[in-house]
Amino acid sequence: MTAMTVFFPLDTARLRLQVDEKRKSKTTHMVLLEIIKEEGLLAPYRGWFPVISSLCCSNFVYFYTFNSLKAVWVKGQHSTTGKDLVVGFVAGVVNVLLTTPLWVVNTRLKLQGAKFRNEDIVPTNYNGIIDAFHQIIRDEGILALWNGTFPSLLLVFNPAIQFMFYEGLKRQLLKKQMKLSSVDVFIIGAIAKAIATTVTYPLQTVQSILRFGHHRLNPENRTLGSLRNILYLLHQRVRRFGIMGLYKGLEAKLLQTALTAALMFLVYEKLTAATFTVMGLKSALKR
């Protein structure tokens, strides 16, 4: 929550670049300056509460499912990398199916009131999370809450790709040295995450467009979330902007990923130290 709040503007810039195809500014700082100039100082934080709420729910569902499945499958035995990978994948699928409606709503709320360059985007008018749910179900049907589910399911492979590169880089380093330092672990973790993000980014772009759901798409490709529509959107993007059109906003995403990981690591260490300090004090008092 801390990391997402601090670097929330980077996520706003990334989403604008993904959805607003005709926005000419390509760098993150220029996009953020445009947003502030046109929409106000707080515009980069529009939709913060729904995103934080979705983040909490999503993490709860993922880790609860992961630990429950692991407890049932492992049953006191030693866990293996393969089992963890399978359990992680299943937990990711369950998480996507249960929490996609929250992410669809927060994507809409984040983009509400935005000054779009693309005239094909239909503006929305929601009064909050509950009203957004109500309007989407009323105007688009209940299945619209699961727009972008198919690319989201494919993106469950993102951690698997990250893990594969992380383990590969770790093995290479361990050939040259006996032990990895905290800096080594952080760097190879960041590199693995950057590779996984870059490989899967086109799917993340399609996911954002489908979740937003307010582009005037070809009526024949209206089955949102289907493989046919994903391929259609990818093809249209490449045809209009070239292969780099699939990577609009990647700079903001990579910047957010790296900085978020660094801040999360720092906050985690501080919270852990503070927790043990408090526990130590309590133990001393009991004595």
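The values are calculated or read from the model by the stated rules, or taken from the named source; none is laboratory data. None of the values given here were measured: they were computed from a predicted structure. Positions of Cβ are backbone-derived with ideal geometry, glycine not excepted, and every protein chain shown enters the neighbour counts. Surface accessibility is based on the protein's heavy atoms, side chains included, excluding ligands, DNA and RNA. Shrake-Rupley method; radii C 1.70, N 1.55, O 1.52, S 1.80 Å.
Being closer than 15 Å to residue 230 by Cα and either open to solvent by 30 Å² or more (accessible area, probe 1.4 Å) or in a helix (DSSP H, G or I) (or both) is a description that does not apply to residue 198.
Of the residues that make up the range 6-13, is at least one open to solvent by 20 Å² or more (accessible area, probe 1.4 Å), touching a residue at least 60 places away in the same chain (Cβ under 8 Å), β-branched (Val, Ile, Thr) and in a helix (DSSP H, G or I)? Yes, because at least one residue in the range 6-13 is open to solvent by 20 Å² or more (accessible area, probe 1.4 Å), touching a residue at least 60 places away in the same chain (Cβ under 8 Å), β-branched (Val, Ile, Thr) and in a helix (DSSP H, G or I).
Take residue 60 and decide whether it is open to solvent by 40 Å² or more (accessible area, probe 1.4 Å) and at pLDDT below 90. For residue 60, the condition - open to solvent by 40 Å² or more (accessible area, probe 1.4 Å) and at pLDDT below 90 - is not met. For the range 212-231, the candidate set comprises residues that are in contact with a strand residue (DSSP E or B) (Cβ under 9 Å, 6 or more places away or on another chain) and open to solvent by less than 40 Å² (accessible area, probe 1.4 Å); within that set, the residue that is modelled with the highest pLDDT is 212.
Annotation: of all residues in the range 232-278 being among the hydroxyl-bearing types (Ser, Thr, Tyr) and loosely packed, with under 14 Cβ neighbours inside 10 Å, the one that is nearest to the chain's Cα centre (by Cα) is 268. For the range 21-57, what are the residues that are charged (D, E, K, R) and surrounded by 19 or more Cβ atoms within 10 Å (Cβ to Cβ)? Answer for the range 21-57, where residues must be charged (D, E, K, R) and surrounded by 19 or more Cβ atoms within 10 Å (Cβ to Cβ): 21, 23, 46. Tell me which residues, restricted to the range 1-53, are more than 14 Å from residue 113 (Cα to Cα) and basic (Lys, Arg). Residues satisfying the conditions are 14, 22, 23, 24, 26.
Within the range 18-56, the set of residues being assigned to a helix (DSSP H, G or I), more than 18 Å from residue 260 (Cβ to Cβ) and out of contact with any Leu (no Cβ under 8 Å at 6 or more places or on another chain) comprises 30, 33, 34, 35, 36, 37, 38, 39, 43, 49.
Filtering 103, 73 for residues that are open to solvent by 60 Å² or more (accessible area, probe 1.4 Å) and assigned to a helix (DSSP H, G or I) leaves a single hit, 73. Pairs please, first residue from the range 39-57 and within 20 Å of residue 91 (Cα to Cα), second anywhere and crowded, with 18+ Cβ neighbours inside 10 Å and of a type in the set (Phe, Trp, Tyr), Cβ atoms under 7 Å, 6+ apart in sequence or on different chains. Once the first residue is within 20 Å of residue 91 (Cα to Cα) and sits in the range 39-57, its partners that are crowded, with 18+ Cβ neighbours inside 10 Å and of a type in the set (Phe, Trp, Tyr) give 54/103.
Applying the condition of being surrounded by 15 or more Cβ atoms within 10 Å (Cβ to Cβ) and hydroxyl-bearing (Ser, Thr, Tyr) to the range 149-185 and asking which residue is nearest to residue 258 (Cα to Cα) yields 166.
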